[in-house]
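Asks: Sharing a structure here in structure tokens format.
All of the numbers you see were taken from the coordinates with simple rules; none came from a lab. Since this is a predicted model, take the numbers as computed values, not measurements. Here the Cβ positions follow ideal geometry from the backbone for every residue, glycine too, while neighbour counts run over all protein chains shown.
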Amino acid sequence: MSDAEMITSRILLAEDDESLRNFLARALERAGYEVVACADGDEAVEALNDGPYDLLLTDIVMPGHDGIEVARLAAALDPAPRIMFITGFAAVALAAAGQAPEGAKVLSKPVHLREIVAEVERMMAA
């Protein structure tokens, strides 16, 4: 196995809905990613210190720091990670498009786990 095959991409997942967070973490781990799952924005900000991460996958509306703030802090620490937002609030998603770091992807809930995993794989391959 080459070194490239041995490197596991790391994802920082921030989602305040516990069941969705658990399902997402398991699905991404099954797809071969290392996942650090956080219950809110404050936990995610703390976890940024344990980086680097290849992808930040975050809800936008959650307790503590919101997903936009987490993404801005993540980008300030390391501009390399890709950023994907998931949100149940279409208006928030539209507003986020102007506030989100360049190249960020926004998915609206409800979204199927397979769709999220496929989108993560597309972003990681880019």
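Asks: Taking amide H positions as placed 1.01 Å from N in the peptide plane, with prolines and chain starts having none, which residues 5 or more places from residue 62, or on another chain, fall under 5 Å of its amide H?
Replies: 67
Asks: Would you mind checking which residues have amide H under 5 Å from residue 9's amide H? H placed 1.01 Å from N; only 5 or more apart, or other chain.
Replies: The answer is 34.
Asks: A follow-up question, please. What's the FRET efficiency of residue 107 with residue 18 using the Cβ-Cβ distance as r and R₀ = 22 Å, to the nearest 0.05?
Replies: Working: r = 19 Å, r/R0 = 0.86.
Calculated transfer efficiency: 0.70.
Asks: When the dipole is taken about the Cα centre of the range 7-125, and only Lys, Arg (+1) and Asp, Glu (-1) are charged at their Cβ, what size is it in debye, to the nearest 20? Mind dumping the intermediate values first?
Replies: Details: 10 positive and 20 negative charges, 104 e Å.
Approximately 500 debye in magnitude.
Asks: Across all directions of projection, what mean area in square nanometres is found for the Cα convex hull of the range 7-125? Walk me through the numbers before you get to the answer.
Replies: Values: hull surface 25.4 nm².
In nm², the orientation-averaged hull projection of the range 7-125 is 6.3.
Asks: What nm distance separates the two modelled labels at residue 89 and residue 122, each placed 7 Å from Cα along Cα→Cβ?
Replies: 2.6
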